Amino acid sequence: MSGFAGLSIAMRALRAAQMSMEVSGHNIANANTPGYSRQRVELVESLPDLTPWGVKGTGVEISRIARVREEYLDLQLRNETKLLGQWEEIEKFLSRLELYFNEPSDEGLNNLMSEFWARWQDLSLTPEEQTSRSNLLQQSDVLANAFNTLYDKMQDLRYDADEAIKSYIQEINSLAQNIASLNKQIRFYEVGDAVANDLRDQRDEMLRELSELIDFNSEEQPDGTILVSIGGVNLVNKVFTEEMSYRFNEEGHIVPIWKTNNAPVEIKAGKLKGVLDARDNKIPTYISRINEIARAIISEVNKQHSKGWGLEAFSSLRSAYSISDTGEEISSSDSGLTFYNVVNDGDFVITVNDDSGNTVSTDTVNIVTGAGGTTTDDIVSTIGSDFTSGISHLRAYVDSDGYLNIEAEAGYRFFINQDTSGALAALGLNTFFKGEDAGTIAVNDPIVENVKFIAASSSGEIGDGNNAVEIAQLKDATLMDNESATIYDYYASTLGVLGVDKKESENLKKGQEVLITHIKNSIEDVSGVSLDEEAMNLLKFQHSYQAAARFLGVIDEMLDTLINEVGRR
Amino acid sequence: MRISTNMVYEKAYRNLTLAFDRFIRLQEKMATGKRINRPSDAPADVPQDLLYRKEIKDSQEYQSIINHASSWMSVADTSLSNVVQLLNNAKAIALQQGSDSADEQTRMSAALQVDSLISQIVQLANTRHGNRYIFSGYKTRTQPFSRELVAGKEVVRYNGDDGVMFIEIGKGVKMQLNQIGKDIFSNPDTEIQGANVNSTSSPITESTPLSTFNGGSGVNAGTVTIHNGNQTAVITVNATDTVGDILQAINNAGINVEAEINQDGTGINIRSLVSGTELRVEDNQTARDLGIVGVAESEDIFGVLLRLKDGLESNDSNKILKAANQIDSVLDKALQAWVEVGTRAKRLEMTRTKLGSETINTTELLSEIEDADMADVTVKLAKEQNIYQSLLKSITTIIQPSLLDFLK
């Protein structure tokens, strides 16, 4: 044995201890770094010497610095994270909807509808009074505004979703860039057996962040780079990335696409999926339900209203709905009328009065549905396009915007009502509301200008409020869902569905959180830095270092004796 | 199992968040007093919640309608009870003055009393509820009854219509609010009901020619004389006229009469538009051909009282006694109307009571699903507070020391 072999044993031991302490230091330093996995110096015995007396150990050797990590846990984490992101987003949007509906409360639509019908009841008690008419107008305005606001807010929410989508697309692009550049570095560092621990940690963390946003497949390549693909398109391939972009669909909303070929991105999970789902499925469901309620109120109130009499006759009247083709039957969608489907066979009456209120003529206009039925042109020709033809002292024409106008000659006025056909409701003549859905519902212009046009009367007499009672009774009529539900039933069930939807997303989100916590714990269990453990390690390797140093001292003394003492003899 | 330092913090943080979340939710319930603050708090209960709220709102509105109707009924009740009282007075006067002990002198002064009674009843029949005349049908802004002199003859005219007002006093329950003044005070049935004219084109309409009458033999041309009180009209009838021509001629005669085709379309009815007159069509061949010969005298409050006054003024005991007899039947009518008001008032009262208790019930049901159980919330809140504080304490003890603290 050569005395110098001891020196190299000591040296390697010192280096191993030192390295281990440094790695512990590195671990301690990164204890709070997200995605960091603890590292460990793997020590092996160095290659032994063959001596005549057998195999002799030569000390310790550093095999490698390894990161402690279970790859399959990362995969699990990513799989669950993408679902968490999805439900988080849906829950976020649904809770905004809950806020908008503001139920149950005194400010929600439920209560405003009740107030609206109650004002009709009040009107039926004192139909002569201007105040009961004005109160009704004001309450109807409040109701219509509430519908408009709710509708606008929900539509705006969908545009908010677009902003979120834009920023997620940006994030995905920047993550892709980062992953690609890490790919490049890892490939550079990992020549031979080297493993770029810290860079891989960073890359794993990026992949986890990416999984929050979108679902993807990842596959490690032999050169250490990772291939990330979304729906068959390679987002990251070695050091190259595919850029995600967006275009606008016909509704003006954003659709994520691949920049190279403008093909839509296949999105199955993640926040992006959640936002898209909220924007395209969840929110529209509620918008369409509110629209249906608004449409039922508009068409049913109008139908009843056009049966009745206001306190004053019209001198001119413009339809609230426009006609795109005056030659088509008003009972057909081809006419362009929003409420074409409320038209049945029946008739309405036009009464012409002179200025002192004496009836000059009463004409019944028949409405026939189906092919060959009554068209707008037919109605115009019945009334006549000048004051002499058709009904005397009245003329009718369709203006350039497609609205039907009826005008009385100076000195004459007219009533148009007693409609059993729904034609007046479809055209918007002598109707209470205008507009076609929750976004556009409003009190019809003539009534806003003069509340005397509110048709509370079923006979034309001032003290008659029976038509107002009929309208008020619509509140309990089964107008919706194939005549199986009242407006309230439908609204209440809508809120029930919203509640269930929101609760479901909340529960799924919570479930995902629990799962992820569990997986994260497992990862921490394997890869997390424990300060206590590192302190122990420090202590352990400090002692090793001290012992190795002591050993070096002993060898030194031995060599000193051999070199300095032996030669003096 | 290894416990990493991160995990300790992470877990501590998560537990804190969860505890705090529960704490905040309870706190919200405490602050609002409500179990349901948004649909997702109790999705299954939310629809019912909204429907209960609607029902409570509806009940409140029905109660306000009932209040309105009740006050209407009490106005009508006062008016009709006074009418009944005044009619009784009139009857006493009639019986007294119909007897032989009465003379011209007493009858003259009684006539003045009756005159005042008529005025009072007209005033009562013109009672208003707020700004609305309660007995004038839909013409609530038109004074329903007016006392007039027509050709020197005193009459009472009804200016209202027969519009029936309905109000909703419960879900789908309608009630008639008003009573038609004409039905109570003046008789719409006072008319000469025309005989069957045997038209060959039955039922007759305004355009039916008179030549179809009497099995096709037509109507003899000539004149028809109609008396209504002191007014007289002579209508000329041509054989070529239509029914419409005749009706128009009578209606435009300006003697307060109205002619119309009867309901079955078999003849022509003629009716006086005012109370207190005798309607008479003179008998001649033309009138007979038209089937309108006859006499009609309105047996209504104003008609009878006006005739009583007439009788008193003319010192005619027959007329007075006849009127005395007729007062009974018109009194009946007034009583009937009065009872009707009472019945409606009672129905309103019962509905009000029912609505009241229903509202209470519904409010309770709503409270059951919507309101938080405060005792429960308070206890839970205290518990959560406890948990939260213990958690904070335990975290400080776990997190603070590490092995490094002991390596000196």
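The values are calculated or read from the model by the stated rules, or taken from the named source; none is laboratory data. What you see is a predicted model, and the numbers here were worked out from it, not measured in a lab. When we count neighbours, we look across all protein chains shown, and the Cβ atoms used for this are built from the backbone with ideal geometry, even at glycine.
Residues that are out of contact with any Asp or Glu (no Cβ under 6 Å at 6 or more places or on another chain), at pLDDT 95 or above and of a type in the set (A, V, I, L, M): does segment A:187-197 have at least one?
So far as segment A:187-197 goes, no, none of its residues is out of contact with any Asp or Glu (no Cβ under 6 Å at 6 or more places or on another chain), at pLDDT 95 or above and of a type in the set (A, V, I, L, M).
Residues are listed down the side, and each one gets a yes or a no for (1) closer than 21 Å to A:Arg12 by Cβ; (2) assigned by TED's automatic domain parsing to the domain that holds A:Ile9; (3) not in a strand (DSSP E or B):
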position	(1), (2), (3)
A:Val44	yes, yes, no
A:Leu47	yes, yes, yes
A:Val55	yes, yes, no
A:Ser63	yes, yes, no
A:Leu75	no, no, yes
A:Lys82	no, no, yes
A:Gly85	no, no, yes
A:Glu88	no, no, yes
A:Phe93	no, no, yes
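Is it true that B:Asn252 is surrounded by fewer than 21 Cβ atoms within 10 Å (Cβ to Cβ) and either touching a Cys at 6+ places or on another chain (Cβ under 7 Å) or farther than 30 Å from B:Ser109 by Cα (or both)?
Yes; evaluated as a whole, the condition is true for this residue.
Give segment A:218-250 a look and list any residue that's basic (Lys, Arg) and outside any loop (DSSP other than H, G, I, E, B), or say none.
A:Arg247 - this is the single residue of segment A:218-250 that is basic (Lys, Arg) and outside any loop (DSSP other than H, G, I, E, B).
Are there helices (runs of 4 or more DSSP H) fully within segment A:268-386 with at least 3 residues that are under 46 Å from the mean Cα position of the chain (by Cα)? List them.
Result: A:270-277, A:283-305.
All but one of (1) in contact (Cβ under 8 Å) with a residue 60 or more places away in the chain; (2) facing chain B (nearest Cβ under 8 Å); (3) surrounded by fewer than 19 Cβ atoms within 10 Å (Cβ to Cβ) hold for A:Lys475; state the number of the condition that does not hold.
All conditions pass for A:Lys475, except number (3).
If you check B:Lys322 against the conditions, is it touching a residue at least 40 places away in the same chain (Cβ under 8 Å) and in the same structural domain as B:Thr78 (by TED's automatic domain parsing)?
no
Of all residues being out of contact with any strand residue (DSSP E or B) (no Cβ under 7 Å at 6 or more places or on another chain) and surrounded by 20 or more Cβ atoms within 10 Å (Cβ to Cβ) in segment A:115-125, which is nearest to the other protein chains (Cβ to nearest Cβ)? Just the residue, please.
Across segment A:115-125, the extreme among qualifying residues is A:Ala118.
Of everything in segment A:376-402, what is surrounded by fewer than 19 Cβ atoms within 10 Å (Cβ to Cβ), within 15 Å of A:Phe348 (Cα to Cα) and of a type outside the set (S, T, N, Q)? Give them in sequence order.
If the condition is that a residue be surrounded by fewer than 19 Cβ atoms within 10 Å (Cβ to Cβ), within 15 Å of A:Phe348 (Cα to Cα) and of a type outside the set (S, T, N, Q), then A:Asp378 is the only one that fits.
Based on this model, can you work out whether A:Gln170 counts as modelled with pLDDT of 95 or more, surrounded by fewer than 14 Cβ atoms within 10 Å (Cβ to Cβ), within 29 Å of the chain's Cα centre (by Cα) and in a helix (DSSP H, G or I)?
Answer is yes for this residue.
Output the number of residues of segment B:121-143 satisfying the condition of being surrounded by 15 or more Cβ atoms within 10 Å (Cβ to Cβ) and part of a helix (DSSP H, G or I).
Residues in segment B:121-143 being surrounded by 15 or more Cβ atoms within 10 Å (Cβ to Cβ) and part of a helix (DSSP H, G or I): 4 in total.
Would it be correct to say that A:Ser505 is buried (at least 20 other Cβ atoms within 10 Å of the Cβ) and out of contact with any helix residue (DSSP H, G or I) (no Cβ under 6 Å at 6 or more places or on another chain)?
The answer is no for A:Ser505.
Cβ-Cβ below 8 Å, separation at least six or inter-chain, first residue in segment B:152-180 and at the interface with another protein chain (Cβ under 7 Å from one of its Cβ atoms), second buried (at least 17 other Cβ atoms within 10 Å of the Cβ) and of a type in the set (Lys, Arg): which pairs?
As it stands, the answer is B:Asp161/B:Lys139; B:Gly163/B:Lys139, since those pairs meet every condition given.
From the list A:Val41, A:Val60, exactly one residue is more than 13 Å from every other protein chain (Cβ to nearest Cβ), in contact (Cβ under 8 Å) with a residue 40 or more places away in the chain and crowded, with 18+ Cβ neighbours inside 10 Å. Which is it? Lay out the reasoning, then the answer.
On the way: A:Val41 fails: in contact (Cβ under 8 Å) with a residue 40 or more places away in the chain.
Going through A:Val41, A:Val60 in turn, just one is more than 13 Å from every other protein chain (Cβ to nearest Cβ), in contact (Cβ under 8 Å) with a residue 40 or more places away in the chain and crowded, with 18+ Cβ neighbours inside 10 Å: A:Val60.
Take segment B:210-256 and flag every residue that is under 41 Å from the mean Cα position of the chain (by Cα), more than 27 Å from B:Gly152 (Cα to Cα) and not aliphatic (A, V, I, L, M).
B:Thr242, B:Gly244, B:Asp245
Tally time: how many residues in segment A:389-413 are out of contact with any Asp or Glu (no Cβ under 9 Å at 6 or more places or on another chain) and not small (Gly, Ala, Ser)?
Residues in segment A:389-413 being out of contact with any Asp or Glu (no Cβ under 9 Å at 6 or more places or on another chain) and not small (Gly, Ala, Ser): 7 in total.
Each row is one residue, and each column tells you yes or no for (1) surrounded by fewer than 24 Cβ atoms within 10 Å (Cβ to Cβ); (2) modelled with pLDDT of 95 or more; (3) of a type in the set (Val, Ile, Thr).
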position: A:Lys271; (1), (2), (3): no, yes, no
position: A:Thr285; (1), (2), (3): yes, yes, yes
position: A:Ser288; (1), (2), (3): yes, yes, no
position: A:Ile297; (1), (2), (3): no, yes, yes
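All but one of (1) β-branched (Val, Ile, Thr); (2) surrounded by fewer than 20 Cβ atoms within 10 Å (Cβ to Cβ); (3) more than 8 Å from every other protein chain (Cβ to nearest Cβ); (4) out of contact with any Asp or Glu (no Cβ under 8 Å at 6 or more places or on another chain) hold for A:Ile516, so report the exception by its number.
(4)
In segment B:50-65, what count of residues is obtained for those that are surrounded by fewer than 23 Cβ atoms within 10 Å (Cβ to Cβ), at the interface with another protein chain (Cβ under 7 Å from one of its Cβ atoms) and among the charged types (D, E, K, R)?
2
I'd like to check something: does segment A:557-565 contain any residue that is at pLDDT 90 or above and either over 60 Å from the mean Cα position of the chain (by Cα) or closer than 30 Å to B:Asn15 by Cβ (or both)?
For segment A:557-565, residues at pLDDT 90 or above and either over 60 Å from the mean Cα position of the chain (by Cα) or closer than 30 Å to B:Asn15 by Cβ (or both): present.
Do you know which of the residues in segment A:528-548 that are of a type outside the set (S, T, N, Q) and more than 10 Å from chain B (Cβ to nearest Cβ) is nearest to A:Val41 (Cα to Cα)?
Of everything passing the filter in segment A:528-548, A:Phe541 is nearest to A:Val41 (Cα to Cα).
Of A:Ile179, A:Ile90, A:Ile165, A:Ile172, which residue is hydrophobic (A, V, I, L, M, F, W, C), within 14 Å of chain B (Cβ to nearest Cβ) and within 30 Å of A:Glu242 (Cβ to Cβ)?
A:Ile90
Regarding A:Gly435, is this residue under 23 Å from A:Leu143 (Cβ atoms), more than 14 Å from chain B (Cβ to nearest Cβ), touching a helix residue (DSSP H, G or I) at 6+ places or on another chain (Cβ under 8 Å) and in contact (Cβ under 8 Å) with a residue 12 or more places away in the chain?
On the way: under 23 Å from A:Leu143 (Cβ atoms): yes; more than 14 Å from chain B (Cβ to nearest Cβ): yes; touching a helix residue (DSSP H, G or I) at 6+ places or on another chain (Cβ under 8 Å): yes; in contact (Cβ under 8 Å) with a residue 12 or more places away in the chain: yes.
Yes, satisfied.
Give me a count of the residues in segment A:443-472 that are surrounded by fewer than 20 Cβ atoms within 10 Å (Cβ to Cβ) and not in a loop (DSSP other than H, G, I, E, B).
4
Which of (1) touching a Lys or Arg at 6+ places or on another chain (Cβ under 9 Å); (2) outside any helix (DSSP H, G or I); (3) among the polar types (S, T, N, Q) does A:Gln139 not meet, given it meets every other one?
Of the numbered conditions (1) touching a Lys or Arg at 6+ places or on another chain (Cβ under 9 Å); (2) outside any helix (DSSP H, G or I); (3) among the polar types (S, T, N, Q), the odd one out for A:Gln139 is (2).
For A:Ala426, indicate whether it is within 14 Å of chain B (Cβ to nearest Cβ) and surrounded by 24 or more Cβ atoms within 10 Å (Cβ to Cβ).
So A:Ala426 does not fit the description; no.
Can you tell which of A:Asp501, A:Asp525, A:Asp556 is more than 14 Å from chain B (Cβ to nearest Cβ), at negative phi and acidic (Asp, Glu)?
A:Asp556
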